[in-house]
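Please read the structure below before turning to the comments.
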Amino acid sequence: MFLGAYFTTGRIIFMAFFIISFIALMIYSYRKDIKNHDRYYKGAGKKVLIYGSIIIAVFVTIRILWGQ
């Protein structure tokens, strides 16, 4: 087993417990805070898309101009 070469059984159990607990707490927190999303984050998705596109365009332009 691939994981068995690097991790003990206890570590694998801990990782699984940690990941499941983390995801459950994230879902709980998101659902608890969902009523505030429209008020505080209105239009945030569009801004992330625009700024992300600008950063990618600048990176691609730099790569094209300076090669590699």
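In region 41-68, the residues that are free of Cβ contacts under 8 Å to residues at least 24 places away in the same chain never reach a residue that is in a loop (DSSP other than H, G, I, E, B) and exposed (fewer than 10 other Cβ atoms within 10 Å of the Cβ) with C-beta atoms less than 9 angstrom apart, at least six apart or across chains.
For region 28-43, how many residues meet the condition of being open to solvent by 100 Å² or more (accessible area, probe 1.4 Å) and of a type outside the set (D, E)? Of the residues in that region, 9 qualify.
The values are calculated or read from the model by the stated rules, or taken from the named source; none is laboratory data. Just so it is clear, the structure is predicted and the values come from calculations on it, not from any experiment. We place every Cβ from the backbone using ideal geometry, glycine too, and count neighbours over all the protein chains shown. We work out accessible area using only protein heavy atoms, side chains counted, and drop any ligands, DNA or RNA first. Shrake-Rupley method; radii C 1.70, N 1.55, O 1.52, S 1.80 Å.
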